[in-house]
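A.B. asks: Okay, here's the structure, questions in a sec.
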Amino acid sequence: MSIWAIVPVKPLRRAKTRLADILSPDQRYQLAEMMLRQVLAVLDSAPQVTGTLVISRDTEALAIARDMGARTIQESSSSDLNLALIRATEVIRVWGAGAALIIPADLPFVNAHDIASIAGMGRYGPCIVIASDVYKMGTNALLVRPPGLINYAFGENSYNLHLAAAQRANIDVHTYDSDSLRIDIDVPEDLVRYNELVESGEFTLLTRMLPDLSRSDMPTTGGSNG
């Protein structure tokens, strides 16, 4: 059965506010746009993914998504993330999706191997496949087969809340561990790691982001977050 990816996108010009001390508003917009394009390109190239649906209240983000071949839904300004994801899930169910793969737009290093591995782990349902953030608190990717099987709980402590929802539903849970999926870009230390990885790899849609050192004492390169 087909997998549809759902990519929720925050307004690009209001993204990454926790980087405001080191990046200008234009730089934060550029970073958010690059990451969105990178995620969409990976999903488009993954043979396991039938299609991608982007949901956002940002018309610029939706235009970028359509330009890259994704389908889109305009999110209402009053809805929260989980309600928006429920709406998107209902849409892909109508389209015949056998599984929903939630991939946030700020995971620049998600790759084809990640998508293939998650799809393989979740090929038999009912089940979820979940990938956490580095702190084992947030959810950086979630496959649900069939769509709508559990309630979404993105936000604080979402990793454990999704696990609890799957246990209540008495369905299989598969945990996917991936260094590339654990890297989301939220705080200055994440940007150091981002620049190191962009320099060491081949990412045609990603470029280094140099901090404005007048805003911060953060180093531009070197070091590791572990």
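Values in this text are rule-based calculations from the coordinates and carry no lab data. Keep in mind that what you see is a predicted model, and the values were worked out from it rather than measured. Cβ atoms come from the backbone with ideal geometry, glycine included; neighbour counts cover every protein chain shown.
A.B. asks: Most mobile of Leu197, Leu101, Leu81 per a Gaussian network model of the chain (Cα springs, under 10 Å)?
C.D. replies: Residue with maximal mean-square fluctuation among Leu197, Leu101, Leu81: Leu197.
A.B. asks: While we're here: How far is helix 112-121 tilted, in degrees, relative to the longest principal axis of the Cα atoms in the chain, given as a value from 0 to 90 rounded to the nearest 10?
C.D. replies: Helix 112-121 sits at roughly 30 degrees to that axis.
A.B. asks: Under the 0.36 nm per residue contour assumption, what length would be gained going from the current alpha-carbon distance of Ser77 and Arg13 to full extension?
C.D. replies: Values: separation 64, 0.36 × 64 = 23.04 nm, distance 1.49 nm.
So the extension gain works out to 21.5 nm.
A.B. asks: Which value, in debye to the nearest 20, describes the size of the charge dipole of the range 3-186 about its Cα centre when Lys and Arg Cβ atoms bear +1, Asp and Glu Cβ atoms bear -1, and nothing else is charged? Spell out each step's value before the answer.
C.D. replies: Working: 17 positive and 19 negative charges, 76 e Å.
Here the size comes out at about 360 debye.
A.B. asks: Quick one: helix 188-200 against the long Cα principal axis of the chain, what's the angle to the nearest 10°, folded into 0 to 90?
C.D. replies: That works out to roughly 90 degrees.
A.B. asks: Taking every pair of distinct Cα atoms and averaging 1/r, then inverting, what Kirkwood hydrodynamic radius in Å comes out for the range 135-177? Display every interim value, and only then the final one.
C.D. replies: On the way: mean 1/r = 0.0941 Å⁻¹.
Kirkwood radius, the range 135-177: 10.6 Å.
A.B. asks: Helix 158-168: angle to the longest alpha-carbon principal axis of the chain, degrees 0 to 90, nearest 10?
C.D. replies: With rounding to tens, the tilt is 10 degrees.
A.B. asks: When DSSP assigns beta bridges and you keep just the ones with both residues in the chain, what percent turn out antiparallel, to the nearest 5? Mind dumping the intermediate values first?
C.D. replies: Values: 9 of 28 bridges.
Among the beta bridges of the chain, antiparallel pairing accounts for roughly 30 percent.
A.B. asks: How much length is gained if the chain between Ser45 and Asn151 is pulled fully straight, taking 0.36 nm per residue apart and subtracting their Cα-Cα distance, in nm to one decimal?
C.D. replies: 35.3 nm
A.B. asks: Mind checking which of Leu36, Gly120, Ile183 is farthest towards the positive end of the chain's charge dipole, using Cβ charges of +1 (Lys, Arg) and -1 (Asp, Glu) about the Cα centre?
C.D. replies: The listed residue farthest towards the positive side: Gly120.
A.B. asks: Using 0.36 nm per residue of separation minus the Cα-Cα distance, give me the extension gain between Asp172 and Val187 in nm, one decimal. Please list the in-between numbers first.
C.D. replies: Working: separation 15, 0.36 × 15 = 5.40 nm, distance 3.34 nm.
Fully extending the segment from Asp172 to Val187 adds 2.1 nm.
A.B. asks: Among Ser24, Ser77, Ser132, which one shows the highest mean-square fluctuation when the chain is modelled as a Gaussian network with alpha-carbon springs under 10 Å?
C.D. replies: Sorting by GNM fluctuation, first place goes to Ser77.
A.B. asks: Additional query: If I build a Gaussian network model for the chain, linking alpha-carbon pairs within less than 10 angstrom, which residue out of Ala153, Ala63, Ala131 has the largest mean-square fluctuation?
C.D. replies: Among Ala153, Ala63, Ala131, the largest GNM mean-square fluctuation belongs to Ala63.
A.B. asks: Still on this structure, please answer the following. Dividing the Cα convex hull volume of the range 142-214 by residue count, how many Å³ per residue is that? Walk me through the numbers before you get to the answer.
C.D. replies: Working: hull volume 10.1 nm³, N = 73.
Per residue, the Cα convex hull of the range 142-214 comes to 139 Å³.
A.B. asks: Across the range 3-186, how large is the tail of the calculated P(r) beyond 19 Å, expressed as a percent of all Cα pairs?
C.D. replies: Working: 9305 of 16836 pairs.
It works out to 55 percent of all Cα pairs.
A.B. asks: So if the hydrodynamic radius of the range 17-115 is defined as the Kirkwood radius over C-alpha pairs, what does Stokes-Einstein give as its diffusion coefficient at 37 °C and 0.692 mPa s, in µm² per second?
C.D. replies: Approximately 227 µm²/s, per Stokes-Einstein.
A.B. asks: Kindly provide the chymotrypsin sites (Phe, Trp or Tyr not before Pro) of the range 102-178 that DSSP labels as loop, not H, G, I, E or B, and whose Cβ sees at most 15 other Cβ atoms within 10 Å. Provide the component values of the computation, followed by the final result.
C.D. replies: Numbers: sites: Phe109, Tyr124, Tyr135, Tyr152, Phe154, Tyr159, Tyr176; in loops: Phe109, Tyr124, Tyr135, Tyr152, Phe154, Tyr176.
Passing sites in the range 102-178 are Tyr124, Tyr135.
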